[in-house]
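Below: the structure, in structure tokens.
The values are calculated or read from the model by the stated rules, or taken from the named source; none is laboratory data. Note that the structure is predicted; figures quoted are calculated from it, not measured. Backbone-built Cβ (ideal geometry, glycine too); neighbour counts: all protein chains shown. Ligands, DNA and RNA are stripped out before the accessible areas are found, and what is left, the full protein with its side chains, is counted by its heavy atoms. Shrake-Rupley method; radii C 1.70, N 1.55, O 1.52, S 1.80 Å.
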Amino acid sequence: MPVLFLSRLAAVLGLALTLGACASRPPAAAVAELAPGGTLRAAINLGNPILASKDSATGEPRGVSVDLSNELARRLGVKVQLITFPSAGQTVDAVRNGLVDVAYVAIDPARAVDISYSAPYVVIEGAYLVRNESPIRRNEEVDRPGIRVAVGAGSAYDLFLKREIKAATLVRIPTSPAVVDQFLAQKLEVAAGVKQQLEADAKRLPGLRLLDGRFMVINQAMGTPRGREAGAQYLRGFVEEMKASGFVAEALARHKIEGAAVAPAEQ
């Protein structure tokens, strides 16, 4: 029997076993690690509109990350506490300091020191925004001397651009939703962020345009503090089942999220 076929068969069987373990009663060790006090403390990042936002009527958080948190708590048989943060950076700090048990953050090697990730459940894009009169027309023209790029401090694109940008200067803004307002107030040359957030800002404020394409792909995953191996393993199976069952796709549709795609199954 060909080796390639056997390796693919093993991968399929491994995924099936993972999903089966997730669908059955959660291991006691996983419950203890994901809800050590009997409550699942879930970090909800309001700085990324793809993941969560505040309900205009109730003020409560809503979105795909909220739905996943509620479903995870239901399966674990515990209560859920939704703890909101205005930025990804503060969300990661909460994981690092043990203030939350699960979080929804973009996969980045710098964060992997403190966070055990699942595979991604949603894929989104990072884009650039400029003024209409800007001479910058292409993504490749951003990384040049004298160009200042506004980024949300500690965001996935901040971490990515910190590694990739060689000539331009990054200007860090406390939260991602404030990036475009500060880009204008400080008369900066470029704003970087989640494409959907920038599109909304361009509709809200006149005289702005997005550059075509994207400068990065942002893989959004679930994570738990490092050292909780049973919990991390359960999260990985949970995310794969949520993608395969259509749960993530239905949540994106229910919350009218456009421009985000369900991540492919983990290989």
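Numerical summary
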| item | result |
| --- | --- |
| Tabulated pairs, the range 163-175, first outside any strand (DSSP E or B), second of a type in the set (Lys, Arg), C-beta under 8 angstrom, 6+ apart or interchain | Ala167/Arg144; Ala168/Arg144; Ala168/Arg148 |
| Any hit, the range 103-114, residues being over 28 Å from Phe183 (Cβ atoms) and either in contact with a Ser or Thr (Cβ under 9 Å, 6 or more places away or on another chain) or hydroxyl-bearing (Ser, Thr, Tyr) (or both) | no |
| Positions within the range 192-225 being assigned to a helix (DSSP H, G or I) and either among the aliphatic types (A, V, I, L, M) or in contact with a strand residue (DSSP E or B) (Cβ under 6 Å, 6 or more places away or on another chain) (or both), in sequence order | Lys195, Leu198, Ala200, Ala202 |
| Residue in the range 142-162 that is in contact with a helix residue (DSSP H, G or I) (Cβ under 6 Å, 6 or more places away or on another chain) and at positive phi present | yes |
| Val130 being part of a strand (DSSP E or B) and either free of Cβ contacts under 8 Å to residues at least 60 places away in the same chain or crowded, with 18+ Cβ neighbours inside 10 Å (or both) | yes |
| Failed condition for Val142, given (1) touching a Phe, Trp or Tyr at 6+ places or on another chain (Cβ under 9 Å); (2) within 27 Å of Pro264 (Cβ to Cβ) | (2) |
| Unmet requirement for Tyr117, which otherwise passes all of (1) outside any strand (DSSP E or B); (2) buried (at least 19 other Cβ atoms within 10 Å of the Cβ); (3) under 14 Å from the mean Cα position of the chain (by Cα) | (1) |
| Candidates Leu76, Leu99, Leu72, Leu129, filtered to the one that is modelled with pLDDT of 95 or more and over 28 Å from Ala28 (Cβ atoms) | Leu129 |
| The listed residue being in contact with an Asp or Glu (Cβ under 7 Å, 6 or more places away or on another chain) and crowded, with 21+ Cβ neighbours inside 10 Å, out of Gly223, Gly231 | Gly231 |
| Counted residues, the range 206-219 - those being open to solvent by less than 10 Å² (accessible area, probe 1.4 Å) and modelled with pLDDT under 95 | 1 |
| Residue match in the range 151-160 (condition: open to solvent by less than 40 Å² (accessible area, probe 1.4 Å) and aromatic (Phe, Trp, Tyr)) | yes |
| Restricting the range 233-267 to residues that are polar (S, T, N, Q) and either within 16 Å of the chain's Cα centre (by Cα) or part of a loop (DSSP other than H, G, I, E, B) (or both), the residue that is farthest from Pro27 (Cα to Cα) | Gln267 |
| So Ile115, is it over 30 Å from Ala30 (Cα atoms) and either without any contact (Cβ under 8 Å) to a residue 12 or more places away in the chain or not small (Gly, Ala, Ser) (or both) | no |
| Flag for Ser65 being free of Cβ contacts under 8 Å to residues at least 60 places away in the same chain, more than 17 Å from Ile218 (Cβ to Cβ) and touching a Leu at 6+ places or on another chain (Cβ under 9 Å) | no |
| Arg74 vs. criteria open to solvent by 10 Å² or more (accessible area, probe 1.4 Å), out of contact with any strand residue (DSSP E or B) (no Cβ under 6 Å at 6 or more places or on another chain), basic (Lys, Arg) and not in a loop (DSSP other than H, G, I, E, B) | yes |
